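**Student:** This is the structure I have questions about; it appears just below.
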Amino acid sequence: YPKVEHKIYADIKTPHGVLKVHGRIDQFKPKPLGFRERKTGTVAWTQAKVNRHGQIDFYYMLIYLSAGKLPESASLDWAQTRVNEGGDIELTGEHQSFIATRTMTDTLRMINRTTKAALEIAAAYEAKLMAV
């Protein structure tokens, strides 16, 4: 994947105006369109956990909105860590990769979820400003 920490920007057109969204994808390739997400930690990832992971949905949404099509491939790579005797976090050498597949329906749900969250944040911010 030629692009690391790839910044991606997109617009969601809503009845209330344009919502600008952006993200930073760990590894990205424009052709064929795909991405990889990297995770570390002591708790193992599973395929079920990857299937529920909202960050994958968000990246699918960003790619769809900016490229006009869904990624052809997506993966999540997990590397296990531990705390060593000195108290530092280190890699154990254990790792696993998972395919992360989403559909257009999943992507449209994320567009709706993102729009709803933005409207709720805007309303809360407006209420806070009015209270000052």
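**Student:** Quick check for you: with a 1.4 Å probe and neighbouring chains kept, what is the accessible area per residue of the chain, in Å²? Before the final figure, lay out the partial values.
**Tutor:** Details: 8540 Å² over 132 residues.
Roughly 65 Å² per residue, with all protein chains present.
**Student:** With a cut-off of 17 Å, note down the residues of region 52-85 whose backbone N falls inside the zone around a label point 7 Å from the Cα of MET104 toward its beta carbon.
**Tutor:** 60-73
**Student:** Here's something else I'd like to know. Report the local net charge at THR107: Lys and Arg +1, Asp and Glu -1, summed over other residues whose C-beta lies under 12 Å from its C-beta. Don't jump to the answer; show the numbers that get you there.
**Tutor:** Details: positive: LYS69, ARG102, ARG109, ARG113; negative: ASP57, ASP106.
Combined, the nearby Lys, Arg, Asp and Glu give +2.
**Student:** Just to be sure I understand the model, the point goes 7 Å from the Cα along the line to the Cβ. What's the resulting LYS13 to LEU33 distance in nm?
**Tutor:** For LYS13 paired with LEU33, the spin-label model returns 1.7 nm.
**Student:** Which of the listed residues, GLN80, THR46, GLY23, is farthest toward the dipole's positive end in region 1-103, when Lys, Arg count +1 and Asp, Glu count -1 at the beta-carbon?
**Tutor:** Final value for the positive-end residue is GLY23.
**Student:** By its C-alpha gyration tensor, with a ≥ b ≥ c as the square roots of the eigenvalues, how is region 64-118 shaped: rounded for a/c under 1.5, else prolate for a/b larger than b/c, else oblate? Spell out each step's value before the answer.
**Tutor:** Values: a/c = 4.11, a/b = 2.18, b/c = 1.89.
Prolate.
**Student:** Of LYS49/LYS116; LYS13/LYS116; LYS3/LYS31, which pairs sit farther than 18 Å apart, going by alpha carbon to alpha carbon? Let's see the in-between values first.
**Tutor:** Values: LYS49/LYS116 24 Å; LYS13/LYS116 12 Å; LYS3/LYS31 11 Å.
Beyond 18 Å between Cα atoms: LYS49/LYS116.
**Student:** Taking a ≥ b ≥ c as the square roots of the eigenvalues of the Cα gyration tensor of region 19-87, is the shape rounded (a/c under 1.5), prolate (a/b larger than b/c) or oblate? Could the numbers behind the result be given before it?
**Tutor:** Details: a/c = 2.35, a/b = 2.25, b/c = 1.05.
Prolate, because a/c is 1.5 or more and a/b exceeds b/c.
**Student:** Which of HIS53, HIS16, HIS95 moves the most in a Gaussian network model of the chain with Cα springs under 10 Å?
**Tutor:** With Cα springs under 10 Å in the chain, the top fluctuation among HIS53, HIS16, HIS95 is at HIS16.
**Student:** Something else: Tell me the net charge near TYR9. Cut-off is 13 Å between Cβ atoms, TYR9 excluded, with +1 for each Lys or Arg and -1 for each Asp or Glu.
**Tutor:** On the way: positive: LYS7, LYS20, ARG24; negative: ASP11.
After counting each charged neighbour, the total is +2.
**Student:** I've got another one for you. What's the angle, to the nearest 10 degrees (0 to 90), between helix 104-131's Cα axis and the longest principal axis of the chain?
**Tutor:** 60 degrees
**Student:** Express the carbon and sulfur contribution to the solvent-accessible surface of region 1-75 as a percent, rounded to the nearest whole number, probe 1.4 angstrom.
**Tutor:** Working: 2240 of 4270 Å².
Percent of accessible area from carbon and sulfur atoms in region 1-75: 52.
**Student:** Could you name the aspartates and glutamates in cross-link range of LYS20, using Cα to Cα under 13 Å and dropping any fewer than eight places away on the same chain?
**Tutor:** Hits, sequence-local ones excluded: ASP11.
**Student:** Can you give the extra length, in nm with one decimal, that the chain gains between ALA127 and HIS22 once fully stretched, where that is 0.36 nm per residue apart less the Cα-Cα distance?
**Tutor:** Details: separation 105, 0.36 × 105 = 37.80 nm, distance 2.52 nm.
35.3 nm is the gain from fully extending ALA127 to HIS22.
**Student:** How long is the chain along each principal axis, judged by its Cα atoms, biggest number first, in Å?
**Tutor:** The Cα atoms of the chain stretch 52, 43, 26 Å along their principal axes.
**Student:** Further, regarding this structure: What is the local net charge at ILE25, summed over the other residues whose Cβ is closer than 11 Å to its Cβ (Lys, Arg +1; Asp, Glu -1)?
**Tutor:** Values: positive: LYS3, LYS7, ARG24, LYS29, ARG36, ARG38; negative: GLU5, ASP26, GLU37.
It works out to a net charge of +3.
**Student:** Given only helices, namely DSSP H runs of n ≥ 4 each adding -39500 (n - 2.57), what is the per-residue ellipticity at 222 nm of the chain, to the nearest 500 deg cm²/dmol? Present the calculation step by step, with values, prior to reporting the outcome.
**Tutor:** Numbers: 3 runs with 48 residues, N = 132.
The helix contribution divided over the chain gives -12000 deg cm²/dmol.
The values are calculated or read from the model by the stated rules, or taken from the named source; none is laboratory data. Worth saying up front: this structure is predicted, and the values here are computed from it rather than measured. Quick reminder, even Gly has a Cβ in these numbers, built from the backbone with ideal geometry, and neighbours come from all protein chains shown. Just the protein is used for accessible areas: all its heavy atoms, side chains included, with ligands, DNA and RNA removed. Shrake-Rupley method; radii C 1.70, N 1.55, O 1.52, S 1.80 Å.
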